[in-house]
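Participant: One structure, as structure tokens, below. Some questions next.
The values are calculated or read from the model by the stated rules, or taken from the named source; none is laboratory data. On a predicted model such as this, the values are computed, not experimentally measured, just so you know. Positions of Cβ are generated from backbone atoms using ideal geometry, with glycine treated the same way; all protein chains shown enter the neighbour counts. To get the accessible areas, we keep the full protein, side chains included, count just its heavy atoms, and leave off ligands, DNA and RNA. Shrake-Rupley method; radii C 1.70, N 1.55, O 1.52, S 1.80 Å.
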Amino acid sequence: MTKESEEIAATAATVVVGTYDGGLLGFGLEDGAQRFGYAPHVGCVKALHCTETGKLATGATDNAVRLFDLAKGVEMGELQEHEDSVSAVQFWGSSLITGSSDGQVCIWRCGDYELLLKFRGHKAAVTCLAIHPSGRMMASAGRDQRIQLWDLIRGTSAAHLSVPEAMEVLDWSPDGKSIACLSPRELVVVEVTSNSVASYKDPNSAGFMRVSLTAVAWLSSQLIALGDGRGLVQIFRKDAEMLTQVCRIPRDDVPGRIKALLKVDSTLLVGLSTGQVEVWSFDAEGTLQESHFKRLRVVDTKSRLTCLAVWAPGSSQVAEALATGAGKKAKRAGTPQSPKTGELPVQKAEKRRKVAGKLKKKR
């Protein structure tokens, strides 16, 4: 790799793809060129999350959480605490939160990855979790058909909501006022302050012809993208207690089901069950229309895609990488943390485990 290509790799965004057979693939958001390929899990990768500094956590059906430093190109180790599939992972400030099909939620301290707190989040499997943009609350959903709100400052349950069907995806709006809750049959958007609820069900989905809703992502605090099993991506606007369809992404060919949607600045990533990742640019100014979406490229990973994450280095990491020769000897950057909301309560856990030793850099 030339010095120029290393510099691009160190500063440009990297898309990370989780696969059904336990693999991780990385490619450049700007050019679609593959950055890495690795199979750290022996089961299906269920969840991914990456920080601005390049710390990546993955959860899979082998009950393990694997940790990586993408900036340095090394695997940091493994967390073994859950007794079933790890279905959710998310960093916040100086902590990592994981959820599992064993119904447990674990809070880990980044750095030495000591287990700070472990508690039963649901009576059945935890399907997903989402931390509020302020870092003060967390929402979790489970197979017990409940959505639970947690106060992360006090470390206690704040509220719960019973739902008719288990939610597969939770996603807070950028302004933190609303949360999108997705089940295979319905999209529900709850405004937290007013408790108003807006929902959408596919009018053409009934009986044996039911179309599963599979992915959701906020494009702005009012616009939300919804993917389904037919390969369609629809854009809705939330107004009061109503979800109004604005447009669809203009896709002539529909090669497979939508598995993941992810917004990065003014770019929307669409992950398909066929292994393809479509990169779309869009302009959300004014009234959003189909003509505002332009497909930039399609990357074929040639794998069974299950989830997506993006590492987008911040300005401080980019400046450091450029100053040290494309990040070859970049100093270790700290995880962003708010002095008011970045800290989670430290309580004695049932068990304490530490990360395995750092593995050798993969060549």
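Participant: With all protein chains present and a 1.4 Å probe, how do F91, F36 order by accessible area, largest first?
Facilitator: F36, F91
Participant: Report the per residue volume, in Å³, of the convex hull enclosing the C-alpha atoms of the stretch 21-168.
Facilitator: Cα convex hull per residue, to the nearest whole number: 122 Å³.
Participant: Quick one: if the Förster radius is 25 Å, what FRET efficiency do R297 and K177 give, using the C-beta to C-beta distance and rounding to 0.05?
Facilitator: 0.15
Participant: Heavy-atom accessible area per residue, the stretch 169-267, 1.4 Å probe: how many Å²?
Facilitator: 46
Participant: Rounded to the nearest 0.05, what FRET efficiency is calculated for S134 and N204 with R0 set to 35 Å and r the Cβ-Cβ distance?
Facilitator: Working from the Cβ atoms, E equals 0.35.
Participant: I've got another one for you. Between D239 and F119, what FRET efficiency comes out of the Förster formula 1/(1 + (r/R0)^6) with R0 = 41 Å and r the beta carbon distance, rounded to 0.05?
Facilitator: Taking R0 as 41 Å, the efficiency between F119 and D239 is 0.65.
Participant: Which value results for Rg/Rh of the stretch 14-68 when Rg is the Cα radius of gyration and Rh the Kirkwood radius based on the inverse mean 1/r?
Facilitator: Reported Rg/Rh, Kirkwood definition of Rh: 0.97.
Participant: What number of lysine-lysine pairs in the stretch 1-159 show an alpha-carbon separation below 23 angstrom, given a sequence spacing of 8 or more or placement on distinct chains?
Facilitator: Working: K3/K72; K46/K55; K46/K118; K46/K123; K55/K72; K55/K118.
Lysine pair count for the stretch 1-159: 6.
Participant: Could you list the residues of the stretch 120-155 with an amide nitrogen less than 16 Å from a label point located 7 Å from the Cα of S212 in the Cα-to-C-beta direction?
Facilitator: Residues passing the 16 Å test: 127-128, 143.
Participant: Extension gain D265-R230, at 0.36 nm per residue separation less the Cα-Cα distance, in nm?
Facilitator: Taking D265 through R230 to full extension adds about 10.0 nm, to one decimal.
Participant: Could I ask something else about it? At 1.4 Å probe size, put Y20, Y113 in order of accessible surface, largest to smallest.
Facilitator: In descending accessible area the options line up as Y20, Y113.
Participant: Enter the accessible area of H82 (Å², nearest 10), with the probe set to 1.4 Å and all protein chains included.
Facilitator: For H82, the solvent-accessible surface is approximately 10 Å².
Participant: V254 versus A159, label points 7 Å from Cα toward the beta carbon: distance in nm?
Facilitator: 3.7
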